[in-house]
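Participant: Here it is, the structure, as structure tokens.
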Amino acid sequence: MITRQFMTIDAPAVSALIIADLKQINSKYYPEHVIKRMVGLYTPKRIIQTAQSQLVLVAEMFDEIVGTATISQNFFGSVFTRPDLHGKGVGTKLMDTLERLTKQNGMSEVKLHASLNAVQFYEKRGYTILGTVNDAKFGESYEMIKKL
Ligand SMILES: CC(C)(COP(=O)(O)OP(=O)(O)OC[C@H]1O[C@@H](n2cnc3c(N)ncnc32)[C@H](O)[C@@H]1OP(=O)(O)O)[C@@H](O)C(=O)NCCC(=O)NCCS
């Protein structure tokens, strides 16, 4: 698996991956209106716009996009791996890369807003909960932190 910077051509595949996660996984933890709103935030067009102001990464395996995440300073966002590959180590490799890049950039801690369904994944990686966040767009999540 390699992790590389997002390119405009990736937008449809990244959008499809995220929307599949939202509908298949996150929908079990969030009300329908929140999922609908999030689906609207991850259209190919919106992802291209995001990539103009944030570093968007994609994880690729056998020429297929299997994961994605954003980094702004020491904040990670939109961490998603392809639902049919969950539990197979894609998220671990992607997070390893994000944390390594952040450390290389001189940061000593990293933060993220974990969706309700992903808290245990981050806890396993050494993240701890700072508090809850109620975002108008993304609904309820946990602010988490890890010292690098
Ligand atoms: C959370 C997510 C990124 C994890 O990715 P993944 O590719 O499944 O992660 P891995 O396969 O590397 O899992 C690493 C470990 O965490 C565990 N794990 C993964 N997701 C988990 C979850 N949601 N709850 C509890 N444990 C989880 C795995 O079982 C594995 O445990 P092990 O080391 O004992 O085998 C992925 O489930 C996902 O995309 N979820 C939907 C989108 C989402 O909510 N993203 C987070 C936004 S903040």
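Participant: Could you list, in sequence order, all residues of region 42-60 that are among the small types (Gly, Ala, Ser) and without any contact (Cβ under 8 Å) to a residue 24 or more places away in the chain?
Facilitator: Scanning region 42-60 gives a single hit, Ser53.
Participant: Can you find a residue that is within 26 Å of Tyr142 (Cα to Cα), touching a residue at least 24 places away in the same chain (Cβ under 8 Å), of a type in the set (Val, Ile, Thr) and in a helix (DSSP H, G or I) anywhere in region 20-33?
Facilitator: No, region 20-33 contains no residue that is within 26 Å of Tyr142 (Cα to Cα), touching a residue at least 24 places away in the same chain (Cβ under 8 Å), of a type in the set (Val, Ile, Thr) and in a helix (DSSP H, G or I).
Participant: State which residue is surrounded by the most Cβ atoms within 10 Å (Cβ to Cβ) when the search covers only region 1-46 and only residues that are more than 16 Å from the chain's Cα centre (by Cα) and charged (D, E, K, R).
Facilitator: Arg37
Participant: Condition test on Ala59, is it within 14 Å of the ligand (Cβ to nearest atom) and under 17 Å from Leu94 (Cβ atoms)?
Facilitator: yes
Participant: Then there is this: Considering each residue of region 89-148, count those that are among the basic types (Lys, Arg), open to solvent by 50 Å² or more (accessible area, probe 1.4 Å) and either within 12 Å of the ligand (Cβ to nearest atom) or within 22 Å of Tyr29 (Cβ to Cβ) (or both), and give that number.
Facilitator: 4
Participant: Let me ask another. For the subset of region 1-56 comprising residues that are in contact with a Pro (Cβ under 8 Å, 6 or more places away or on another chain) and away from the ligand (no atom under 15 Å from the Cβ), which member is nearest to Leu101 (Cα to Cα)?
Facilitator: Ala11
Participant: Based on this model, can you work out whether Ile71 counts as in contact with an Asp or Glu (Cβ under 9 Å, 6 or more places away or on another chain), β-branched (Val, Ile, Thr) and within 15 Å of the ligand (Cβ to nearest atom)?
Facilitator: no
Participant: (1) on the phi > 0 side of the Ramachandran plot; (2) surrounded by fewer than 16 Cβ atoms within 10 Å (Cβ to Cβ): which one isn't true of Ser78, the others all being true?
Facilitator: All conditions are met except number (2).
The values are calculated or read from the model by the stated rules, or taken from the named source; none is laboratory data. Since the structure is predicted, the reported quantities are computational estimates derived from the model, not experimental observations. Methodologically, a virtual Cβ is constructed for each residue, glycine included, from the backbone with ideal geometry; neighbour enumeration extends over all protein chains shown. What goes into the accessible areas is simple: the full protein's heavy atoms, side chains included, and nothing from ligands, DNA or RNA. Shrake-Rupley method; radii C 1.70, N 1.55, O 1.52, S 1.80 Å.
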